[in-house]
Amino acid sequence: MSTESTLPPRGDVTREALIATAMQAFARDGFDAASTRAIARDAGVNQALIGYHFGGKRGLYLACFEHIVERVRRRIAPALRRIDEQLNERPADAAGRCEAALEALFGLTDAFADVMISGESAAWAQLILREQQAPTDAFRVVLEGFMEPVLRCLTRLIAMARGEREAEAHRLRAITVVGQVLVFRTCRAGMLHHLGWDDVGASEAAIVRRHIRATVGAVALG
């Protein structure tokens with residue numbers, strides 16, 4: 001029997017604890033108001049380890065966004081792989097291309113919706129919204145990490161579904177599609193109240209995905 005430990009190295013555990021704690025602090029208080037002393041205390045580590053692992057407060061802030069990108073990309077990667085496969089098998093007829101594009105589009109929005117309605121994304125959304133309002137170098141991490149690639153993919157699929165060459169109108173539709181998904185995170189409290197839901201469980205998530213599919217189809221082809 002192997003005597004090697006299956007536990008992650010202590011440094012990785014410390015780094016992950018700091019990122020998880022900092023994510024909540026930065027989302028709640030913003031970069032300037034968040035205290036590295038409080039972050040270290042809540043993470044159960046020495047404050048000096050922030051400098052050791054991240055080079056300081058700014059490095060920790062950027063690491064939070066790199067973590068978001070890694071998690072989102074991991075969640076949507078299967079959908080993106082399926083899209084590549086579907087587009088490589090591009091049907092010859094227009095109706096077939098439209099059907100394939102819509103199937104790929106729905107697969108991507110399903111995956112994105114699952115990310116946005118998960119509890120994990122609550123702090124992510126707050127951080128990204130702050131950066132949307134007053135962009136810093138952290139916004140570019142998100143933009144290049146998944147936002148722009150997803151928008152490009154959506155634009156391509158919408159143009160393909162419509163049998164048209166990519167243009168500004170398709171990019172506008174892609175942004176609208178993203179909005180159809182994001183609203184279930186950014187307006188979560190209002191959404192739960194309006195629908196009379198206590199939370200979004202498996203059955204509610206299925207309802208949300210069906211609604212998003214119907215709306216996305218209308219946006220793409222309408």
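Couple of notes before you dig in:
- When residue 188 is tested against (1) more than 27 Å from residue 81 (Cβ to Cβ); (2) under 15 Å from the mean Cα position of the chain (by Cα); (3) crowded, with 16+ Cβ neighbours inside 10 Å, just one condition goes unmet, and that condition is (2).
- Taking the criterion of being touching a Leu at 6+ places or on another chain (Cβ under 8 Å) and more than 30 Å from residue 23 (Cα to Cα), the only residue of region 68-97 that qualifies is 83.
- Filter result (in contact with a Phe, Trp or Tyr (Cβ under 7 Å, 6 or more places away or on another chain) and assigned to a loop (DSSP other than H, G, I, E, B)) within region 33-77: 34
- Candidates 83, 68: the one that is under 21 Å from residue 30 (Cβ atoms), in contact (Cβ under 8 Å) with a residue 12 or more places away in the chain and of a type in the set (Val, Ile, Thr) is 68.
- Here residue 170 fulfils each of the conditions (1) at pLDDT 95 or above; (2) of a type outside the set (Val, Ile, Thr); (3) over 25 Å from residue 77 (Cβ atoms) apart from (3).
- Apart from one condition, residue 173 fits all of (1) within 23 Å of residue 67 (Cα to Cα); (2) basic (Lys, Arg); (3) surrounded by 15 or more Cβ atoms within 10 Å (Cβ to Cβ); the exception is (1).
- Test: residue in region 142-152 that is at pLDDT 95 or above, touching a helix residue (DSSP H, G or I) at 6+ places or on another chain (Cβ under 9 Å) and under 16 Å from residue 27 (Cα atoms): yes
- Failed item, numbered, when residue 148 is tested on (1) surrounded by 13 or more Cβ atoms within 10 Å (Cβ to Cβ); (2) in a helix (DSSP H, G or I); (3) of a type outside the set (Gly, Ala, Ser): (1)
- Within region 181-222, tally of residues that are under 15 Å from residue 112 (Cβ atoms) and among the hydrophobic types (A, V, I, L, M, F, W, C): 11
The values are calculated or read from the model by the stated rules, or taken from the named source; none is laboratory data. Keep in mind that what you see is a predicted model, and the values were worked out from it rather than measured. Positions of Cβ are generated from backbone atoms using ideal geometry, with glycine treated the same way; all protein chains shown enter the neighbour counts.
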